[in-house]
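First the structure, in the form of C-alpha cells, and then the observations on it.
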Amino acid sequence: MDKTRGDIFITIRSRDLISTAIGDNNNAGRFNLFQNIIAEENEILAVELVSATIPNSFYNLSNNNNNNKIKFKEGANAYVELTIPSGSYSIIELGTKLKELLEAQSSTWSNGYTYTFSYDEINNLLTITNSGNDAVFDFTGDNTCRRFLGFTSSIQTISNANGITSDRAVDITDTRNSIFIRLPNLNNSKVIESNNGKFSNVIAQVPVELSRNTFFTFEPPQSFKCELAQQQINSIDILITYQDETNNVNFERADWEINLIISFFKAPQSVIETRRTDEAGLRKMLNEVDTNLTKMETNKKETEELTSYFQEKIGEWNNLKLKT
C-alpha cells in the first residue's frame with residue numbers, strides 16, 4: 001500500500017496512563033490524545049508496535065496465575081492442599097520451598113518424612129522421593145504447580161525408593177513464555193489468535209526473557225502493520241496479558257513503555273465505496289429517526305390538545321348537572 005502522508009510516532013509510558021488495570025496489576029491503561037488522529041475518506045489507518053521496554057517483575061508462580069497449589073497425602077491421611085508463596089522461582093528454588101512445606105505438613109501428621117527434590121538438568125526432569133516411600137500427589141487440579149515440576153494432569157504415587165519422576169518437561173514458565181500487547185479499542189480484522197480462533201486485538205507477541213527482576217527490550221526485526229477499521233483515533237487503550245486475554249500480567253507495580261507508529265495509507269477503491277455506502281445508510285437511518293421523532297412530538301401535542309378538550313367538556317357537563 002502507498003503512504004499518503006508522514007507517520008505519527010507515539011511513545012507511551014504506563015505511569016502516564018489513566019489506569020484501567022484490575023487492582024495493582026499495572027497492565028492496562030488509557031492514553032487520551034490531545035488531538036484526534038483522523039484519516040480522510042481516501043485513507044486507511046494502520047498501527048504497529050516498533051519497540052517495548054518490559055520489566056520482568058511478574059511472578060511465574062502466584063495466585064494471579066492460578067498455579068500456586070500442591071495437593072498431597074501420606075498414608076491414611078486425607079488430602080491436603082498447600083499454598084506456595086507467590087514469587088519468581090527457579091526449579092531448584094521451588095524444590096527447596098516445597099520440601100519445607102511438605103515436611104512441615106508431614107510433621108503435622110506425625111510422620112516426619114524427609115522429602116528430596118532432584119533435578120536432572122540434562123534431561124530437564126525432576127524426581128521427588130521421601131524417606132517413608134509413602135505419598136500420593138494429586139496433579140489433576142486447575143491451580144496446581146504440576147507443569148513447573150514436569151508432570152501431566154495425573155495422580156502420582158511414591159511407593160518405593162525411586163519416588164516419582166516427571167512425565168513431561170519441567171517448565172518454570174508454566175507455558176507463560178510470552179506476553180501479548182493488546183489495543184482493545186482499535187478495531188481490526190487482520191489478527192487471529194489460536195486461543196479462540198477469532199479476530200484479536202493483539203498488536204505484538206513479546207517473548208519473556210528468563211532474567212528475572214530486570215528490564216528487557218523488545219524490538220521486532222520487522223514490525224507488523226495492523227490495518228484499522230476505524231478512520232479516527234481519540235484514545236489508545238493498552239492491555240498486556242498472557243495468551244488467554246482474561247489472564248492479566250501482574251507487573252507488581254513496575255512500569256513499562258511501548259512505542260507505536262500510526263501510518264496513513266491510500267485506501268483501496270472498494271474500501272472507499274463501502275464507506276460511502278455505509279455513510280449513505282447511516283444518513284438515511286438518521287433521517288428516519290428525525291422523521292419518527294417529529295411524528296412522535298406531533299402525536300404528543302395532538303394527544304395533549306384532545307385530552308384538554310375532553311377535560312373541558314367534562315367540566316362543562318358537571319356544571320350543567322349541578323345547575324339542574
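The values are calculated or read from the model by the stated rules, or taken from the named source; none is laboratory data. Since we're looking at a predicted model, the values are computed, not measured. All Cβ positions, glycine included, derive from the backbone under ideal geometry; neighbour counts span all protein chains shown.
Brief remarks on what is shown
- Per-region count, the stretch 14-32, residues more than 21 Å from Tyr59 (Cα to Cα) and surrounded by 13 or more Cβ atoms within 10 Å (Cβ to Cβ): 3
- Ala204 meets each of the listed conditions (1) in contact with a strand residue (DSSP E or B) (Cβ under 7 Å, 6 or more places away or on another chain); (2) in the same structural domain as Ser90 (by TED's automatic domain parsing); (3) small (Gly, Ala, Ser) apart from (2).
- Whichever residue in the stretch 174-226 is hydroxyl-bearing (Ser, Thr, Tyr) and assigned to a loop (DSSP other than H, G, I, E, B) and, among such residues, is modelled with the lowest pLDDT: Ser189
- The stretch 263-308, subset outside any helix (DSSP H, G or I) and among the small types (Gly, Ala, Ser), residue modelled with the lowest pLDDT: Ala267
- Scanning the stretch 231-256 for residues that are within 8 Å of the chain's Cα centre (by Cα), assigned to a strand (DSSP E or B) and of a type in the set (Val, Ile, Thr) yields Ile240, Thr241.
- Within the stretch 68-76, at least one residue is surrounded by fewer than 18 Cβ atoms within 10 Å (Cβ to Cβ), in contact (Cβ under 8 Å) with a residue 24 or more places away in the chain and part of a loop (DSSP other than H, G, I, E, B).
- Count of the stretch 38-55 residues which are buried (at least 18 other Cβ atoms within 10 Å of the Cβ), out of contact with any Cys (no Cβ under 6 Å at 6 or more places or on another chain) and not small (Gly, Ala, Ser): 7
- For the stretch 32-54, the criterion of a residue being of a type in the set (Ser, Thr, Tyr) and in a loop (DSSP other than H, G, I, E, B) is satisfied by no position.
- In the stretch 159-187, the residues that are polar (S, T, N, Q) and closer than 29 Å to Arg30 by Cα: Thr173, Thr175, Asn177, Ser178, Asn185, Asn187
- Matching residues in the stretch 188-220 - criterion: being among the polar types (S, T, N, Q), farther than 25 Å from Ser88 by Cα and loosely packed, with under 13 Cβ neighbours inside 10 Å: Ser189, Ser194, Asn196
- Being in a strand (DSSP E or B), at pLDDT 95 or above and out of contact with any Cys (no Cβ under 6 Å at 6 or more places or on another chain) holds for only one residue in Glu100, Glu81, and it is Glu81.
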